[in-house]
Amino acid sequence: MREWWIHVGLICIPLVAVYLNIPPPQLSPALQKWHSAGDFFQFRGREVFYRESYGALGTSDVVVLLHGFPTSSYDWNKIWEPLTQRFHRVIALDFLGFGFSEKPRPHRYSIFEQASVVEALAAHLGLINQRVNVISHDYGDTVALELLYRNHQNRSGHLTFNSLCLSNGGLFPETHHPRLLQTVLKDSSFLAPVLTRLTNYIIFQKGIGDVFGPYTQPTDAEFWDMWTGLRYNDGNLVMDSILQYINQRLKHRDRWVGVLTSTIVPLHMIYGPLDPVNPHPQFIRLYQQLVQRSTVTVLDEHISHYPQLEDPTGFLNAYFNFIHSF
């Protein structure tokens, strides 16, 4: 019996070693096109990816797009062109640790740092003194609230909001239900380094698929593009550090929920009600109770956590109705 286990170990060790050294997947033509259309700027010595398009003439309106976890600016690809037809400038970035941006490790990722990344990009693009519209999703919602807080405090270099549109983010810790793997990664200092290395495409696809609706699942190519973006620059190895944002939301709830409930900036929520992370009706009821100045669009009942990808037409219609209402 002892010899049997030795043989199994001798076989498994090289297989695990090979698996851990599998190179990241190559960029698909679609991702390569997105990458080629973008650029980089330096934030505290780190390379941060962003994409900017100039669109509508006769207006100076700017929209900045803030993506969610664990994906990237490519989340906005299905609504990018329609936005360029409405706005003069459309801007998106990959947060530090995401997508094509640098993914330092070890590193203490935080919502506060990501907000500073956005402010640095705004300064880089000459937008500090211009009012901007912000669309955010998931993780990006909390970054947007920190930016809004700094705006209200009139901090040096703050982003000046013209409007804010949120979507399916865990704004309230009491109605937020992270996935099991997320909980383990953020709370287990012992297991996290092992799990981040052992997470593969099959595990990733299952986790992401669970937060899409059954009728709005990504295609195989779209799943693969999400995985490629995560694996780029070994992003899978920093997931546990990034996931500390869940704990930060709880610790700084009063700061971020406080500014959300007190701001006079025009607010809108676009919500996919099948979302298992921010479930219906608890999430939207609490939002409407606490954020009474905000307007709300609840999309079709089969739309889940990624409304801009699952229902881009519905998302855009809701957003344009909001943006034309003030």
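The values are calculated or read from the model by the stated rules, or taken from the named source; none is laboratory data. A quick note: this is a predicted structure, and the numbers were derived from the prediction, not measured. Cβ sites come from the backbone with ideal geometry, for glycine too, and all protein chains shown count toward neighbours. The accessibility values were calculated without ligands, DNA or RNA, using every heavy atom of the protein model including side chains. Shrake-Rupley method; radii C 1.70, N 1.55, O 1.52, S 1.80 Å.
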Hey, if you put +1 on the Cβ of every Lys and Arg and -1 on every Asp and Glu Cβ in the chain, which of PHE69, GLN205, ALA122 ends up farthest toward the positive end of that dipole? ALA122
P(r) over all Cα-Cα pairs of the chain, 10 Å bins from 0 to the longest distance, whole percent per bin, short to long, reads 5, 26, 36, 22, 6, 3, 1, 0
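How much accessible area per residue does the chain have, in Å², with a 1.4 Å probe?
Numbers: 14760 Å² over 326 residues.
Ligands and nucleic acids excluded, the result is 45 Å² per residue.
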Lys, Arg +1 and Asp, Glu -1 on Cβ, resulting dipole of the chain about Cα centre, debye, nearest 20: 780
Going through the cross-link list LYS186/LYS251; LYS78/LYS186; LYS33/LYS78; LYS103/LYS186, which pairs have a Cα-Cα distance over 25 Å in this structure? LYS78/LYS186
Under 12 Å from a point placed 7 Å out from the Cα of ALA37 along the Cα-to-Cβ direction: which residues of segment 50-91 have their backbone N that close? 51-55, 74-85, 90-91
With +1 on the Cβ of every Lys and Arg and -1 on the Cβ of every Asp and Glu, and nothing else charged, how large is the dipole of segment 135-266 about its Cα centre, in debye rounded to the nearest 20? 400
At 0.36 nm per residue, and after removing the present C-alpha to C-alpha distance, how many nm does the segment from LYS251 to ASN321 gain when stretched out fully? 21.8 nm
Could you list which residues have their amide H under 5 Å from that of VAL296, counting only those 5 or more apart in sequence or on another chain, with H placed in the peptide plane? MET269
Work out the charge dipole of segment 3-324 with +1 on the Cβ of Lys and Arg and -1 on the Cβ of Asp and Glu about the Cα centre, then indicate which of TYR54, ASN317, VAL134 is farthest towards its positive end. VAL134
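Quick one: which of 163-172, 116-125 comes out on top by average Cβ neighbours within 10 Å, and what's the full order, highest first? Could you put the intermediate results ahead of the total?
Details: 163-172: 24.8, 116-125: 19.4.
Peptide ranking by packing, descending: 163-172, 116-125.
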Label model pair ASP234, LYS206: point-to-point distance (7 angstrom along the Cα→beta-carbon line) in nm is 2.6
Quick one: Karplus J couplings for segment 191-208, per residue in order, coefficients 6.51, -1.76, 1.60, θ = phi - 60°, nearest Hz, x for Gly and Pro? 7, 3, x, 6, 5, 5, 7, 8, 4, 10, 4, 5, 5, 4, 4, 5, x, 5
So how much accessible area does ASP275 have, in Å² to the nearest 10, using a 1.4 Å probe? 0
In whole percent, the fraction of accessible protein surface over segment 3-324 that belongs to carbon or sulfur atoms, probe radius 1.4 Å, stands at 56
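Based solely on its DSSP helices, what 222 nm [θ] is calculated for the chain when runs of n ≥ 4 H residues each add -39,500 (n - 2.57) and the sum is averaged over all residues, nearest 500 deg cm²/dmol? Could the numbers behind the result be given before it?
Working: 15 runs with 144 residues, N = 326.
Roughly -13000 deg cm²/dmol at 222 nm, from the helical runs in the chain.
To the nearest 0.05, how large is the calculated FRET efficiency for THR183 and ARG131 if R₀ is 45 Å and r is the Cβ-Cβ distance?
Details: r = 38 Å, r/R0 = 0.85.
After rounding, the FRET efficiency stands at 0.70.
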Given points 7 Å out from each Cα along the Cα-Cβ axis, report the SER262 to ARG293 separation in nanometres with one decimal. 1.1
